[in-house]
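Notes follow once the structure below has been shown.
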Amino acid sequence: MCVNCKKELLARDLVPLISFLLLRGKCRNCKVKISWQYPAVELVTALLFCLAFYFHQDQVNELPQSLLALSFARDWLFIGVLTFLFVYDARHQLLPDAVTLPAILLAFLVNLFIPIYKNNPIPGSQNLLIAILFGIIFFALQYYLTRGKGVGSGDIRFGALMGAMLGFPSIWTALSVSYILGAIFALGLIIKGDKGLKSKMALGPFLALGTLIVYLYGDQWLWFYRW
């Protein structure tokens, strides 16, 4: 529905990018301007789908046809979930269980059928369970040591999601990338004067970004980890 007039939108008003252009950036009913967030997210998602194909195109020759469609569906699923969590946590500082919990189960199941990375030293379900447990413990310790002030309970579930998506040891690399990106961004805000040392900032967008970077680059991160 339109966030202004609350009128239910038609299917023709929900075509990514095209509807925004045809409507000239305004609601068909109340003529109030549509936020640029919507076409921006739609465009970024489309570009990420293309990037996923670029980075994983070797699977076309390596995987049987029966698994190829599932492989690209996995890319789209992971990108869609991570993009949603990035935007939602940035806007509302909340990681909804209605998204993270089903995504954990789906990521675990699909990764059982198709190996995440061909050079992973630990195979199958054992790898995924180790990674999920690692993600849970990593954030649960921070949550209890800081009494919920350092990270939120939603970050614990996000840790499990990262493990289910990436496996081990890639989750460790993704956490490192996420925290480095978050620290750089926070430092920039502090220098600019927009934030102080005790200001709150959503961690989810950086976890989503770190997970996406490591997922797309795949085996290169395992090589880095071993080195």
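For segment 62-86, the tally of residues that are exposed (fewer than 15 other Cβ atoms within 10 Å of the Cβ), without any contact (Cβ under 8 Å) to a residue 12 or more places away in the chain and part of a helix (DSSP H, G or I) stands at 3.
Can you tell which of L175, L161, L189 is in contact with a Phe, Trp or Tyr (Cβ under 9 Å, 6 or more places away or on another chain) and either modelled with pLDDT of 85 or more or surrounded by fewer than 15 Cβ atoms within 10 Å (Cβ to Cβ) (or both)? Steps first, please.
On the way: L161 fails: in contact with a Phe, Trp or Tyr (Cβ under 9 Å, 6 or more places away or on another chain); L189 fails: in contact with a Phe, Trp or Tyr (Cβ under 9 Å, 6 or more places away or on another chain).
Of L175, L161, L189, the one residue that is in contact with a Phe, Trp or Tyr (Cβ under 9 Å, 6 or more places away or on another chain) and either modelled with pLDDT of 85 or more or surrounded by fewer than 15 Cβ atoms within 10 Å (Cβ to Cβ) (or both) is L175.
Tallying residues that are in contact with an Asp or Glu (Cβ under 7 Å, 6 or more places away or on another chain) and either in a loop (DSSP other than H, G, I, E, B) or among the β-branched types (V, I, T) (or both) within segment 30-54 yields 0.
Which residues, counting only those in segment 51-81, are within 23 Å of P205 (Cβ to Cβ) and hydrophobic (A, V, I, L, M, F, W, C)? Residues satisfying the conditions are L51, A52, F55, W76, L77, F78, I79, V81.
Residues in segment 34-50: is at least one in contact with a strand residue (DSSP E or B) (Cβ under 8 Å, 6 or more places away or on another chain) and surrounded by 15 or more Cβ atoms within 10 Å (Cβ to Cβ)? Even if it seems obvious, please write down each step before you answer.
Step one: list which residues in segment 34-50 are in contact with a strand residue (DSSP E or B) (Cβ under 8 Å, 6 or more places away or on another chain), which gives 34.
Add one more test, that the residue is surrounded by 15 or more Cβ atoms within 10 Å (Cβ to Cβ), and what stays is 34.
There is at least one residue in segment 34-50 that is in contact with a strand residue (DSSP E or B) (Cβ under 8 Å, 6 or more places away or on another chain) and surrounded by 15 or more Cβ atoms within 10 Å (Cβ to Cβ).
Restricting to segment 196-217, and then to whatever is assigned to a helix (DSSP H, G or I) and among the hydroxyl-bearing types (S, T, Y), can you tell me which residue is modelled with the lowest pLDDT?
Among them, the one singled out is Y217.
Looking at segment 56-79, is at least one residue of a type in the set (V, I, T) and modelled with pLDDT under 90?
The initial filter retains those residues of segment 56-79 that are of a type in the set (V, I, T), namely 60, 79.
Checking which are modelled with pLDDT under 90 leaves us with 60.
Yes - at least one qualifying residue is present in segment 56-79.
Is one or more of the residues making up segment 120-140 modelled with pLDDT under 85 and crowded, with 16+ Cβ neighbours inside 10 Å? Yes, segment 120-140 has at least one match. Among the residues in segment 82-89, are any at pLDDT below 90 and charged (D, E, K, R)? For segment 82-89, residues at pLDDT below 90 and charged (D, E, K, R): absent. Residues in segment 13-29 that are part of a loop (DSSP other than H, G, I, E, B) and among the small types (G, A, S): G25 alone. The set of residues from segment 72-88 being under 14 Å from C50 (Cα atoms) and not hydrophobic (A, V, I, L, M, F, W, C) comprises R74, D75, G80. Within segment 11-42, the set of residues being under 24 Å from D89 (Cβ atoms) and in contact with a Ser or Thr (Cβ under 7 Å, 6 or more places away or on another chain) comprises V41 only.
Of the residues screened, G148 is one that is without any contact (Cβ under 8 Å) to a residue 12 or more places away in the chain and either under 14 Å from the mean Cα position of the chain (by Cα) or within 20 Å of D97 (Cβ to Cβ) (or both). Filtering L77, L129 for residues that are within 14 Å of the chain's Cα centre (by Cα) and on the phi < 0 side of the Ramachandran plot leaves a single hit, L77.
The values are calculated or read from the model by the stated rules, or taken from the named source; none is laboratory data. None of these values were measured; they are calculated from a predicted model. Counting neighbours? That spans all protein chains shown, and the Cβs are built from the backbone with ideal geometry, glycine included.
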